[in-house]
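Peer 1: Provided herewith is a single structure, encoded as structure tokens, for subsequent inquiry.
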Amino acid sequence: AELREARIRKTKTVCTYCGVGCSFDVWTKGRDILKVEPQMQAPANQISTCVKGKFGWDFVNSDERIVEPLVRRGDAFYPVTLDEALDVIERRIKEIQARDGHDAVAFIASSKSTNEENYLMQKLARSVMFTNNIDNCSRYCQSPATEALRRTMGLGGDTGSIRDLELADLVIIVGANPAEAHPVLSTRLRRAQKKRGQKLIVADVRRNIMAERANLFLQPRQGTDLVWLSAVTKYIIDQGKHDERFLRDRVNGFQEYAQSLEKFTIAYASEVCGVREEELVRIAEMIMASERVCVCWAMGVTQHVGGSDTSTAICNLLLVTGNVARPGTGAYPLRGHNNVQGAGDMGCAPTFLPGYESVANEEIRRKYEQAWQTPLPITPGLNNHQMVDAIHEGKLKALYLVGEDMAVVDSNANYVQEAFTKLDFFVVQDVFFSKTAQFADVILPACPSLEKEGTFTNTERRIQRLYRVLEPLGQAKPDWELIQLIANRFGANWSYTSPQEIFEEACGLTELFKGATYDRLEGYQSLQWPVAADGTDTPLLYLDGFAFPDKKARLYPVAWTPPIAVAEEYDLELNNGRLLEHFHEGNMTSRVPGIDAKVPETYVEISPALAADRKISDGALVRLISPYGRVKVRVVVTDRVAGNHIYLPLLSRRDEETVNLLTSSDHDTVTYTPAYKEMRVRMEVIEES
Ligand code: SF4
């Protein structure tokens, strides 16, 4: 055994951080991670990684790992055996469901879990607990983009591949900062700029790193993207430069859509968005002059009250100009977590079974009832946001949450944390003792990705295998094993012995993944869904028609929803986002000593103008106050932000710096994605630098 321990092993994995889906070999000796070695055959990244993928792994050996099941007694947690923990879970959930019904329990799946684990999680909710109350964190990010793509083109995934982004003549990035949030993707764009002279337009309220590389940088007012996007589309139509043939042959609803644009003139957009008319005309001209255009977007678009409609405006623009279903074109909502695409694909949503098949569709439901040998619930379930409200209203009594620090990452964190105190029973399954875990009754020790096998699906719908690099630490188990143990306590009688068996079951039931097998995904091979029965995959969607019965896309008229009005005393516009070094709140990266030393705490960016106006200098300690809460952070003065616009990274090492203490419960009207990017605050100086 000692000899084996001393051997150096090289194992392929897929990055646990962002949705680019980089894969690489990890060199280990015992539990020591020696190095990360990217390989040329890695489809998303080849020989590139970012700082997180390269150096962000020591958290797996952190002393802070949860390595045994814990049960709350009073205000403290005590270690118990797994059987004892499962006893408590079985007894309490059975009591609650017997008293309050099946829908008194809800499930939150993790975008860090594998596809197989997410498939089992929704199967547990639906077939064992008989509820559709299941969701995942795509509710917090890209649900509006998925909604827009489904509305206009039919499928909830990026229309092409990262390769198409490289082939484009013009890339437009709206409300996204891939240089920090999707670094390897931004490297590939950089290469295309240098090698092929690819043009770049960036539209963002903050002058981010991508903006510095752009041919044109547009800085519209917060929450006004739909207006300028629609005005640019209208201008192109007015110039007669829409793609008439594409619209005639492949798209429905052009006339009605064109009429809906009447008020979106360039002059109107200039006034609403606070940008110059010439800039908007230049954007339209750049699009008209380009053979192949791609649009990327992220949270700057989706996390608004009108997130779905703004995402739809992007899809409309692409359809009007015929920039879909050709190499080098398309719509690219950049997925945040490494497997947020997969969590949705596998049906961790209150209205969809795996493959985005509706729970309300009787034929679909019957297919799953036959396969799972049990009746399934008909009523659509609650989403994350509705779950929190339902807890406050006393309708939802128990929650089983996997790998999500909802008390920190959900908007209006005080409201969410208060909800958790009202739960009758709360199970948290995680790698670390998160803020959310503090509210739990039972905590189950989960494995990080390096300790498990399975598949992840990246932002380009690419399914890739990960292999076990390390054995689980202590009593930690992969999520699928823990979910199966719970299911069997409720009489499920599942006997999966490997993720492969789960994957085969899921793919056998789901048209989108029909031909996906572990053999076809061996090593660095990958498949982009839909995967036909013969294993043919689909790097570029809609070549043979859009995913509607008549094969035609649908232009979808949308109206602008102005940002939420807040009392005048809250005079600063707050924005938030990721840092290059950390992933979101830093649950994993802040436990990597090298990364933590480099960026140990968050800060607020304020503009030189604001700093001068308030006589605040770099390093001052300030309090930011919103109607919902307050945070305490140090100031960085930078021209990345302008005027009264301020920016607070998501990193949250201490309670008092959590950005979501400031955000509200307002949300996108269609998908309930929180309007994280629509918040006004005021600022008080606590201590000068
Ligand atoms: Fe990981 Fe994303 Fe960095 Fe690639 S770009 S190494 S997937 S964090």
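The values are calculated or read from the model by the stated rules, or taken from the named source; none is laboratory data. All values reported here derive from a predicted model rather than from experimental measurement. Every residue, glycine as well, gets a Cβ built from its backbone with ideal geometry; the counts of neighbours run over all protein chains shown.
Peer 1: For segment 283-316, how many residues are over 29 Å from ALA565 (Cα atoms) and part of a helix (DSSP H, G or I)?
Peer 2: Looking only at that region, the number is 6.
Peer 1: Another question about this same structure. Considering only residues that are within 16 Å of the ligand (Cβ to nearest atom) and farther than 22 Å from GLU678 by Cβ, look in segment 141-163 and name the one that is nearest to the chain's Cα centre (by Cα).
Peer 2: ASP158
Peer 1: Moving to a separate point now. Here are VAL20, VAL51, VAL36, VAL60: which of them is more than 23 Å from the chain's Cα centre (by Cα) and at negative phi?
Peer 2: Only one candidate qualifies: VAL36.
Peer 1: If you take the residues of segment 164-212 that are among the small types (Gly, Ala, Ser) and under 24 Å from the mean Cα position of the chain (by Cα), which of them is farthest from ALA642 (Cα to Cα)?
Peer 2: As a first pass, look at segment 164-212 and keep what is among the small types (Gly, Ala, Ser): 168, 175-176, 179, 181, 186, 192, 197, 203, 211.
After this cut, where a residue has to be under 24 Å from the mean Cα position of the chain (by Cα) as well, the list is 175-176, 179, 181, 186, 203, 211.
Values: GLY175: 16, ALA176: 17, ALA179: 20, ALA181: 21, SER186: 24, ALA203: 14, ALA211: 13 Å.
In this case the residue turns out to be SER186.
Peer 1: What's the number of the only condition in (1) surrounded by 24 or more Cβ atoms within 10 Å (Cβ to Cβ); (2) among the aromatic types (Phe, Trp, Tyr); (3) touching a Ser or Thr at 6+ places or on another chain (Cβ under 7 Å); (4) under 30 Å from ALA104 (Cβ atoms) that TYR400 fails to meet?
Peer 2: Condition not satisfied by TYR400: (3).
Peer 1: Please specify each residue of segment 549-608 satisfying the condition of being more than 30 Å from ALA642 (Cβ to Cβ) and modelled with pLDDT under 95.
Peer 2: Step one: list which residues in segment 549-608 are more than 30 Å from ALA642 (Cβ to Cβ), which gives 549-557, 587-588, 591-594, 596-597.
If the condition is that a residue be more than 30 Å from ALA642 (Cβ to Cβ) and modelled with pLDDT under 95, then ASN587, MET588, ARG591, VAL592, PRO593, GLY594, ASP596, ALA597 are the ones that fit.
Peer 1: Being buried (at least 18 other Cβ atoms within 10 Å of the Cβ), among the hydroxyl-bearing types (Ser, Thr, Tyr), assigned by TED's automatic domain parsing to the domain that holds MET129 and part of a strand (DSSP E or B) narrows it down to one of THR455, THR459, so name that one. Quick ask: steps written out before the conclusion?
Peer 2: Values: THR459 fails: part of a strand (DSSP E or B).
Answer to the check: THR455.
Peer 1: Within segment 490-517, which residues are within 23 Å of GLU357 (Cβ to Cβ) and either assigned to a loop (DSSP other than H, G, I, E, B) or acidic (Asp, Glu) (or both)?
Peer 2: ALA492, TRP494, TYR496, GLU501, GLU504, GLU505, THR510, GLU511, LYS514, GLY515, ALA516, THR517
Peer 1: A further question follows. I'd like the full set of residues that are in contact with a strand residue (DSSP E or B) (Cβ under 9 Å, 6 or more places away or on another chain) and of a type in the set (Val, Ile, Thr), limited to segment 225-272.
Peer 2: Matches in segment 225-272: VAL251 only.
Peer 1: Does TRP297 satisfy the criteria of being away from the ligand (no atom under 16 Å from the Cβ) and in contact with a Pro (Cβ under 7 Å, 6 or more places away or on another chain)? Steps first, answer last, please.
Peer 2: Values: away from the ligand (no atom under 16 Å from the Cβ): yes; in contact with a Pro (Cβ under 7 Å, 6 or more places away or on another chain): yes.
Yes.
Peer 1: Within segment 510-531, track down each residue that is within 25 Å of the chain's Cα centre (by Cα) and within 22 Å of ILE364 (Cα to Cα).
Peer 2: Answer for segment 510-531, where residues must be within 25 Å of the chain's Cα centre (by Cα) and within 22 Å of ILE364 (Cα to Cα): THR510, GLU511, LEU512, PHE513, LYS514, ALA516, TRP529, PRO530, VAL531.
Peer 1: Filter segment 456-482 down to the residues that are of a type in the set (A, V, I, L, M), under 28 Å from GLY30 (Cα atoms) and out of contact with any Pro (no Cβ under 7 Å at 6 or more places or on another chain) and list them by number. Walk me through it before giving the result.
Peer 2: Within segment 456-482, the subset of a type in the set (A, V, I, L, M) is 463, 466, 469-470, 473, 476, 482.
After this cut, where a residue has to be under 28 Å from GLY30 (Cα atoms) as well, the list is 466, 469-470, 473, 476, 482.
Passing the criteria: LEU466, VAL469, LEU470, LEU473, LEU482.
Peer 1: Does segment 399-414 contain any residue that is within 28 Å of LYS12 (Cα to Cα), in contact (Cβ under 8 Å) with a residue 12 or more places away in the chain, out of contact with any Pro (no Cβ under 9 Å at 6 or more places or on another chain) and not charged (D, E, K, R)? Before the answer, list the steps.
Peer 2: Initially, segment 399-414 is screened for residues within 28 Å of LYS12 (Cα to Cα), giving 402-405.
Then keep just the ones that are in contact (Cβ under 8 Å) with a residue 12 or more places away in the chain; that gives 402-405.
From what is left, the residues that are out of contact with any Pro (no Cβ under 9 Å at 6 or more places or on another chain) are 402-405.
Applying the additional criterion that residues be not charged (D, E, K, R) yields 402-403.
So far as segment 399-414 goes, yes, one or more of its residues are within 28 Å of LYS12 (Cα to Cα), in contact (Cβ under 8 Å) with a residue 12 or more places away in the chain, out of contact with any Pro (no Cβ under 9 Å at 6 or more places or on another chain) and not charged (D, E, K, R).
Peer 1: Oh, and also: Would you pick out the residues in segment 205-235 that are in contact with a Phe, Trp or Tyr (Cβ under 8 Å, 6 or more places away or on another chain) and either within 16 Å of the ligand (Cβ to nearest atom) or not in a strand (DSSP E or B) (or both)? Quick ask: steps written out before the conclusion?
Peer 2: Here is the first cut: in segment 205-235, the residues in contact with a Phe, Trp or Tyr (Cβ under 8 Å, 6 or more places away or on another chain) are 206-207, 211, 218, 220, 224, 226-227, 230-231, 233-234.
Within segment 205-235, ARG206, ARG207, ALA211, PRO220, THR224, LEU226, VAL227, SER230, ALA231, THR233, LYS234 qualify.
Peer 1: Looking only at residues that are in a strand (DSSP E or B) and more than 10 Å from the ligand (Cβ to nearest atom) in segment 6-18, which one is farthest from ARG163 (Cα to Cα)? Steps first, answer last, please.
Peer 2: To start, the set of residues in segment 6-18 that are in a strand (DSSP E or B) comprises 8-14, 18.
Subset that is more than 10 Å from the ligand (Cβ to nearest atom): 8-13.
Numbers: ILE8: 34, ARG9: 31, LYS10: 28, THR11: 26, LYS12: 22, THR13: 21 Å.
Within segment 6-18, the match that is farthest from ARG163 (Cα to Cα) is ILE8.
Peer 1: Give me a count of the residues in segment 252-282 that are β-branched (Val, Ile, Thr) and not in a helix (DSSP H, G or I).
Peer 2: Residues that pass the stated criteria total 2.
Peer 1: When you look at GLU84, is it modelled with pLDDT of 95 or more and assigned by TED's automatic domain parsing to the domain that holds ALA446, yes or no?
Peer 2: Here the answer is yes, as GLU84 does meet what is asked.
Peer 1: If I ask for residues that are assigned to a loop (DSSP other than H, G, I, E, B) and either free of Cβ contacts under 8 Å to residues at least 60 places away in the same chain or within 16 Å of ARG614 (Cβ to Cβ) (or both), which ones from segment 640-660 would you list?
Peer 2: Pass one, segment 640-660, residues assigned to a loop (DSSP other than H, G, I, E, B): 640-644, 650-654, 658.
Matches in segment 640-660: VAL641, ALA642, GLY643, ASN644, ARG654.
Peer 1: In segment 19-32, which residue that is hydrophobic (A, V, I, L, M, F, W, C) and touching a Pro at 6+ places or on another chain (Cβ under 8 Å) is farthest from the ligand (Cβ to nearest atom)?
Peer 2: We begin by selecting, within segment 19-32, every residue hydrophobic (A, V, I, L, M, F, W, C); these are 20, 22, 24, 26-27.
Cutting the leftovers down to touching a Pro at 6+ places or on another chain (Cβ under 8 Å) gives us 20, 22, 24.
On the way: VAL20: 4, CYS22: 3, PHE24: 8 Å.
Per the stated criteria, the residue is PHE24.
Peer 1: A further question on this structure: Taking the options VAL305, VAL272, name whichever one is surrounded by fewer than 24 Cβ atoms within 10 Å (Cβ to Cβ) and at pLDDT below 95.
Peer 2: Values: VAL272 fails: at pLDDT below 95.
The unique qualifying residue is VAL305.
Peer 1: State the number of residues belonging to segment 222-248 that are without any contact (Cβ under 8 Å) to a residue 60 or more places away in the chain and not hydrophobic (A, V, I, L, M, F, W, C).
Peer 2: Step one: of segment 222-248, the residues without any contact (Cβ under 8 Å) to a residue 60 or more places away in the chain are 228, 231, 234-235, 238-240, 244, 248.
Those left that are additionally not hydrophobic (A, V, I, L, M, F, W, C): 234-235, 238-240, 244, 248.
Count: 7.
Peer 1: Please determine, by comparing only the residues of segment 166-204 that are in a helix (DSSP H, G or I) and β-branched (Val, Ile, Thr), which one is farthest from the ligand (Cβ to nearest atom). If you could, list the steps in order and put the result at the bottom.
Peer 2: Keep residues of segment 166-204 that are in a helix (DSSP H, G or I), which gives 166-167, 178-181, 183-196.
Subset that is β-branched (Val, Ile, Thr): 184, 187.
Working: VAL184: 4, THR187: 8 Å.
Here the residue is THR187.
Peer 1: Further question on the same structure: Can you spot a residue in segment 617-628 that is closer than 24 Å to ARG221 by Cα and buried (at least 22 other Cβ atoms within 10 Å of the Cβ)?
Peer 2: yes
Peer 1: Sticking with this structure for a sec: Name, by its number, the condition in (1) part of a loop (DSSP other than H, G, I, E, B); (2) surrounded by 24 or more Cβ atoms within 10 Å (Cβ to Cβ) that does not hold for GLY322.
Peer 2: Evaluating GLY322 over (1) part of a loop (DSSP other than H, G, I, E, B); (2) surrounded by 24 or more Cβ atoms within 10 Å (Cβ to Cβ) leaves (2) as the failure.
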